[in-house]
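Each remark here refers to the structure printed beneath this line.
The values are calculated or read from the model by the stated rules, or taken from the named source; none is laboratory data. Remember, predicted model here, so these are calculated numbers, not experimental data. Positions of Cβ are generated from backbone atoms using ideal geometry, with glycine treated the same way; all protein chains shown enter the neighbour counts. We work out accessible area using only protein heavy atoms, side chains counted, and drop any ligands, DNA or RNA first. Shrake-Rupley method; radii C 1.70, N 1.55, O 1.52, S 1.80 Å.
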Amino acid sequence: MSARANILARIRTAQGRAITVRTEERDAVAQYIAAHPQGPRPQVDADIEARFRDRALSLATTMDEVKTVADIPAAVARYLREQNLAPAAVCWPEFAGLDWAAQGLKVEARAVRGDDLVGITGAFCAIAETGTLMMCSGPDTPPATSLLPETHIAVVARRRIVTGMEDGWTLLRRERDALPRAVNFISGPSRTADIEQTVTLGAHGPYRVHLLLLS
Amino acid sequence: MHFKARAGAKLADVRLQSALKKLQGNFVKGRADRVAELDNFPDIRDAAAAIRDRALANLDVWLDTFEQNATARGTVVHWAETHDDVNRIVREIAAQHGVRKVIKSKSMVTEECALNDALESAGLEVVETDLGEYILQLAKEPPSHIVAPVVHKTRDEVSDLFAEKHHAPRLTDIPALCREAREKLRPHFLSADMGVSGANFIIAETGSTLIVTNEGNGRMVTTLPKVHVAITGIEKVVPTLEDVTTLLRLLPRHGTGQSITNYISVTTGPRRAGDLDGPEHFHVILVDAGRTKLIGGDLQEMLRCIRCGACMNHCPVYQSVGGHAYGWVYPGPMGAILTPTYIGLENARDLPNAATLCGQCSVACPVKIPLPDLLRKLRERQFEQGLKPWHEVAALRAWGWLARHPSLYGVMMRIQARALKAMANREGMIRSLPFGGGWTDRRDFPAPEGRTFRELYKARSKA
Ligand code: SF4
């Protein structure tokens, strides 16, 4: 017998169930998955944008606002200047057509490399309860862009702020047929507290996460 | 060496004691603060326990569903009955893809398997990338906590270690030490051909694996190398995305005192057409290695465990002796139950007794595991299997016999109470107790005042 068969048989025998799975058991599982009921959710204030901002800031994320997509390059240039960072970045293809050069920025839409310092991405949505970005992988939304650079700048549309993670899943179910290869929830810059439980920002991922809230 | 002997050494270790003090403040207080953010915490906790029970009640069907959905997405699912099977499967996957370098993110299951040794002996280079685990790999030590593996080490020790192993100037500032590790590890992330991770949960509905991390190394391990192998216990299955969401409200709060970890990564299958990153091959290994021994019996509740570490953070025994005293991968109350079950009660004799049964662990446990009750059941089993020391058994037998002979019992107690009184010093304390040296070594024993409860009761009811 295979390891699989042995393990499954051990489980069923130990729980006093016959080795062959009954149809009712399978149906119950299928029904539960089809219903995927939500658990109890904590109260989150009605103004979810305020909650999102508040939580994101408390996680050491920083924030700025842009009115239109065309305003993004100026906001990025301003941030990089303030932080004393070099005016170069890698971005997702959706931002390839913006006039970066006019702001003195060198921004390329390509796969990120280990030594790129700034990555510019969008986000699938944002979660108010915890101040979190929900990112879905895809050909035009490669996850490494938000991971390898020391600075991650993310553009988040205001209308894509949802209350909780459940609402993120609901949005995903509505807009896509299946889960993408990777769904990453990002809550601030990477950190570690492994040495003497002292929180230090910038472990293996970004040292800085900066959001541009798009109206 | 048994727990008792190891515990003695740990109590005398000044550095360890100072390191353990921090745990209390950060993790215990952190949990309390973050739990207070949830207005309906008791409901969420009930729901979390119910979710774990639902998965365990039909574990085989949920695992089968996971496998079907994972396979449909191109994941290769393997089943391992033993730790050796895990090591063999990983070695085979490595050979199949011509792997030379393996990067790992933190995984307690691979600690159970001693996977690193197995891979290194097959000629592979293995690099731990979680900062804590990396430090331990350099120091050649096992983790002492399931969430904060290097909690037993001070910053000074890390400074010395990095200076020696990196052949670099000795840094003392914690951010600088972290930067040094980042720069050492980055080239490994970019050059490894295989990433090995655990999984905090696997999701039946979607065939996905989920990891929670703070450092970002977990994301790299599951994104950059061409092969990703996720290794996890069969009990980690959760039915749906909504269910996992409920559990995620509790895991970081109870683990590190965070409302949410920096990263939660849900990965489903290998790289898709057109993707610029992601592994080309994705394997999941579902591990039994003792878990089915807990199924169906009176210890099944233990399998609800989501490995948050709250039980050890709140345990007065763990707080005093640290994780290494427990002798195997899992320390604290959860370890005192898992270790004897996984490696045999006869190999972990004193562990079920390494607890005061004060109950703090079950109060702190996010999935309501009645840890003290389970410890008690293990103690009973020890007794039934004749694994208790003969003198303890003999003493209990004698006491049991005496207790069933009330008048003789009364006489004996009268003699004893008077004898103890006679041994007391002027403050009414006994300095050293025959057959009770373990007690009086470090503290005095308060002497009885000379008469037994029954004598006093009789005297007072006459009055
Ligand atoms: S037994 Fe409970 S408290 Fe301990 S690690 Fe598991 S889930 Fe956490």
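Quick notes
- If you sort the three axes of the alpha carbon gyration tensor as a ≥ b ≥ c, you get a/c of 1.5 or more for the range B:1-100 and a/b no higher than b/c, which makes it oblate.
- Estimated [θ] at 222 nm from DSSP helical runs (n ≥ 4, -39500 (n - 2.57)) normalised by residues in chain A, nearest 500: -8500 deg cm²/dmol
- Taken about its Cα centre, the protein assembly as shown carries a charge dipole of roughly 2700 debye when the Cβ of each Lys and Arg holds +1 and the Cβ of each Asp and Glu holds -1.
- For the peptides A:26-32, A:123-129, B:200-206, the ranking by mean Cβ contacts within 10 Å, running from highest to lowest, is B:200-206, A:123-129, A:26-32.
- Angle between chain A longest axis and helix A:72-82 axis [Cα atoms, degrees, rounded to 10]: 70 degrees
- Taking one quarter of the surface of the convex hull spanned by the alpha-carbon atoms of chain A gives a direction-averaged projected area of 17.2 nm².
- Where the protein assembly as shown is the region considered: accessible area per residue in Å², 1.4 Å probe: 41 Å²
- Each label point was placed 7 Å from the Cα along the Cα-to-Cβ direction; for B:Lys101 and B:Glu280 their separation is 1.8 nm.
- Counting only DSSP H runs of at least 4 residues, each contributing -39500 (n - 2.57), and dividing by the residue count of chain B, the helix-based mean residue ellipticity at 222 nm comes to -15000 deg cm²/dmol.
- Angle between chain A longest axis and helix A:3-14 axis [Cα atoms, degrees, rounded to 10]: 60 degrees
- Convex hull volume of the Cα atoms of the range B:316-463, normalised per residue: 177 Å³.
- Distance (nanometres) between label positions extended 7 Å along Cα→Cβ at A:Asp99 and A:His36: 4.3 nm
- For B:209-219, mean number of other protein chain Cβ atoms within 10 Å: 6
- The mean of 1/r over all pairs of different alpha-carbon atoms in the range B:313-356, once inverted, gives a Kirkwood hydrodynamic radius of 10.1 Å.
- Share of Cα-Cα pairs in the range A:112-215 lying beyond 19 Å, as whole percent: 46 percent
- Coordinate range of the alpha-carbon atoms in the range B:1-50 per principal axis, descending: 43, 24, 8 Å.
- Other residues with beta-carbon under 13 Å from the beta-carbon of B:Glu111 carry, at +1 per Lys or Arg and -1 per Asp or Glu, a net charge of -3.
- Look at the dipole of chain B built from charges on Cβ: of B:Ile93, B:Leu351, B:Leu338, the Cα furthest out on the positive end belongs to B:Leu351.
- Chain B: relative contact order as a whole-number percent, Cα under 8 Å and 6+ apart: 19 percent
- Evaluating kT/(6 pi eta Rh) at 10 °C and 1.306 mPa s, with the Kirkwood radius of the protein assembly as shown over Cα pairs in the Stokes-Einstein relation, gives 59 µm² s⁻¹.
- Value in Å of the Kirkwood radius, where the range B:181-271 supplies the Cα pairs that are averaged: 13.9 Å
- Residue-by-residue Karplus 3J(HN,Hα) for the range B:358-363, coefficients 6.51, -1.76, 1.60, Hz, glycine and proline x: 6, x, 4, 4, 6, 5
- Long-range Cα-Cα pairs in chain B (distance over 38 Å), rounded percent: 32 percent
- Within the accessible surface of chain A, defined with a 1.4 Å probe on protein heavy atoms only, the carbon and sulfur portion equals 53 percent.
- Each Lys or Arg adds one and each Asp or Glu takes one away; over the other residues whose Cβ falls under 9 Å from the Cβ of B:Ala49, this sums to +1.
- About its Cα centre, chain B has a charge dipole of approximately 2380 debye under the convention of +1 per Lys or Arg Cβ and -1 per Asp or Glu Cβ, with nothing else charged.
- Protein accessible area in chain B, 1.4 Å probe - carbon and sulfur %: 54 percent
- Taken across both chains, chains A and B shield about 7400 Å² of accessible surface from a 1.4 Å probe.
- Highest mean packing comes first when the peptides B:121-129, B:306-314, B:421-429 are listed by Cβ atoms within 10 Å, giving B:306-314, B:121-129, B:421-429.
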